[in-house]
Amino acid sequence: MMLDPAGALIAAPIIGLAFGWFLERGGLGSARKLSGLFYLTDFTVFRVLFSAVLTAMLGAFWLSRFGLLDLSAVHVPETFLVPQAVGGAVFGLGFLLAGLCPGTSCVAGAAGRIDGFAVIGGLLLGVLTFNISYPLIDGFVASTALGELTLPELLHMPYGVVVLLVTIIAIGGFVIASRLEKSA
Amino acid sequence: MKPRYLDPYLAGIGIGVVLLAAYVLVGRGLGASGGFSAVVASATVAVQAGDPANAALAPYVQVPVWRDWIVLELIGVAVGALLSARLAGRLALKVERGAHLTADSRMLFALLGGILMAFGAKLARGCTSGQALTGGALLSVGSWVFIGTTFAAGYLCAPLARRLWR
């Protein structure tokens, strides 16, 4: 099923188009809507993110069960524990200030939101800043490398059990989000 | 006229199917911050401000920027969003901001937020797309750590940033 490199390049904008379409349809091009997540008034981002994770996780699990997808051929992002924990915290603060993440800043910009372009400009500047400071932090960036480590490996649990647990926790999260929204 | 947004669960399932298609067809997931890395690295090398062998640039200049998978995907994201916004009557040139914020302040915080997000995403090797969505669904430990600290930092700092949005 896997495309050759030329095919993958043709698929890239088509996959992106569908991704951008659903992000905009779901309202994720709106910074005001996204920021509602942090004030417990609008859990749209939470719902979209975790229903997408559940769909892809369950889809990948069952496709591999039926031999339709070789999970070992899919690139799992490598774990670098401490830089990723710190990176996430810095990212979260930036997300709160910007009200958009890198992907949704492109969605906002495409829909005419000028603040989306400001986020895009900031992202370019931020990458430049990182590249310039790289010689000072390269040791930290490469630290606590654990390779392609997955939760089932870490917890010594079967893959399907972790899939089930994540599904239950996410559905619990959806229920709590609805309650919080009602009380807000 | 602003038609209502699609139900968030349906939008999420749509994105999940797209992500699954990416796993099956190209053996990788979705991305966004990687596209910005590729653009900056290519520009840096093009203006001869950096050596292509430099460790921070090298992974992003292996192929020309117009043949970079994430850059092409990200162009698709913009086109898809443009189409969707146009068809929904949501296309409008404006600065979207909180009720108590001037347009200038909003632009400044958007820029600052972008800088922080890029730095964080570079440290974490991915953003909401490459880590939270793609790695999250593949049960990568680092991706779930990233999701955890992203939400934690957002909620911890939210009271301080209240004036931006409320």
Counting lysine pairs in the protein assembly as shown that sit 8 or more positions apart or on different chains, with Cα atoms under 19 Å apart, gives 4
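Classify the stretch A:37-142: rounded, prolate or oblate, from the alpha-carbon gyration tensor (a ≥ b ≥ c, eigenvalue square roots; a/c under 1.5 rounded; otherwise prolate if a/b is larger than b/c)? Walk me through the numbers on the way to the answer.
On the way: a/c = 2.02, a/b = 1.24, b/c = 1.63.
Taking the square roots of the gyration eigenvalues as a ≥ b ≥ c, the stretch A:37-142 is oblate.
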Residues of the stretch B:113-151 with backbone N under 20 Å of the label point set 7 Å from the Cα of residue A:136 along Cα→Cβ are B:113-125
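Just want the ordering: B:109, A:66, from fewest to most Cβ atoms lying within 10 Å of their own Cβ.
So the ranking, lowest neighbour count to highest, is A:66, B:109.
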Computed, not fitted: 222 nm per-residue ellipticity of chain B from DSSP H runs ≥ 4 (each -39500 (n - 2.57)), nearest 500, equal to -19000 deg cm²/dmol
For residue A:148 and residue A:71, extending 7 Å from Cα along the Cα-Cβ vector and measuring point to point gives, in nm, a value of 1.2 nm
Expected sort for A:10, A:120 with the fewest Cβ neighbours (10 Å cutoff) up front is A:10, A:120
Calculated from DSSP helices alone, with each H run of at least 4 adding -39500 (n - 2.57) and the total divided by the residues of chain A, [θ]222 nm to the nearest 500 comes to -24000 deg cm²/dmol
Mean projected area, convex hull of alpha-carbon positions in the stretch B:97-166, reported to one decimal in nm², is 5.0 nm²
Listing A:75, A:156 by rising number of other beta-carbon atoms within 10 angstrom, fewest first, gives A:156, A:75
Check: C-alpha center the stretch B:52-70 vs C-alpha center the stretch A:1-54, spacing in Å is 25 Å
Rounded to whole angstrom, the alpha-carbon centroid of the stretch A:141-184 lies from that of the stretch B:104-124 at a distance of 27 Å
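Would you mind giving the mean number of other chain beta-carbons within 10 Å of the Cβ of each residue in A:142-152, as a whole number? Walk me through the numbers on the way to the answer.
Numbers: counts 1, 0, 1, 1, 3, 2, 5, 4, 8, 7, 2.
Whole-number average of other-chain Cβ neighbours for A:142-152 is 3.
Computed from the coordinates by the stated procedures, all read-outs in this text should not be read as laboratory data. A quick note: this is a predicted structure, and the numbers were derived from the prediction, not measured. With ideal geometry, Cβ positions are generated from the backbone for all residues, glycine too; neighbour counts draw on all protein chains shown.
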